[in-house]
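Enquirer: Take this structure first; my questions come after.
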Amino acid sequence: MRNQTRTASNEPQAAPPPAPNDCTPAEAADQRYLETCAEMFAHAGTHRHWEELADNLVWTLAHIAVNCGVGATGDILRNFGTYGCRIEARKQAEIEAAQAKEEGRLPN
């Protein structure tokens, strides 16, 4: 579920919640955290509080890294890089498709 929700859009957004009896406690937690992050992202965008959001996210990640160890730190950095690359690739594909459409070509 996580990979699917993380690649669905260039902007964080919550996926539709699974049926209550249809998910594990980990899936329910994942959904809750994703919804919370999407709300924070939307609020920061609306009110232009990007610096505050970024600072609080980094502070939280630092606590996770310190309390969960080197492996968690590596996972955070690896996932950050992977998600950043996926978002950038999607963004670039959307730009190229829009340019192709403007030029009267069919996008790939």
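Enquirer: Considering only DSSP states other than H, G, I, E and B, which trypsin sites (Lys or Arg not before Pro) in region 29-89 qualify as loop sites with at most 12 other Cβ atoms within 10 Å? Write out the running numbers ahead of the final one.
Expert: Details: sites: Arg32, Arg48, Arg78, Arg86; in loops: Arg48.
Loop-located and lightly packed - Arg48.
Enquirer: Something else about it: Out of the GluC sites (Glu not before Pro) in region 40-104, which ones are loop residues according to DSSP with at most 16 other C-beta atoms within 10 Å? The partial results should precede the final answer.
Expert: Details: sites: Glu51, Glu52, Glu88, Glu94, Glu96, Glu102, Glu103; in loops: Glu103.
Sites meeting the loop and neighbour criteria: Glu103.
Enquirer: Using θ = phi - 60° and the Karplus relation 6.51 cos²θ - 1.76 cosθ + 1.60, list the HN-Hα couplings for region 50-60 in order, rounded to whole Hz, with x at every Gly or Pro.
Expert: For region 50-60, the Karplus-derived couplings read 4, 4, 5, 4, 4, 4, 5, 5, 5, 4, 5 Hz, x marking Gly and Pro.
Enquirer: Convert each backbone phi in region 67-81 into a coupling constant with the Karplus relation 6.51 cos²θ - 1.76 cosθ + 1.60 (shift: θ = phi - 60°), then list the ³J(HN,Hα) values in order as whole Hz, x for Gly and Pro.
Expert: Result, ordered by residue: 7, 10, x, 4, x, 5, 4, x, 4, 4, 5, 5, 5, 4, x Hz.
Values in this text are rule-based calculations from the coordinates and carry no lab data. As the structure is a prediction and not an experimental result, all values here were calculated from the model. Because the Cβ atoms are built from the backbone with ideal geometry, glycine has one as well, and the counts that use them run over all protein chains shown.
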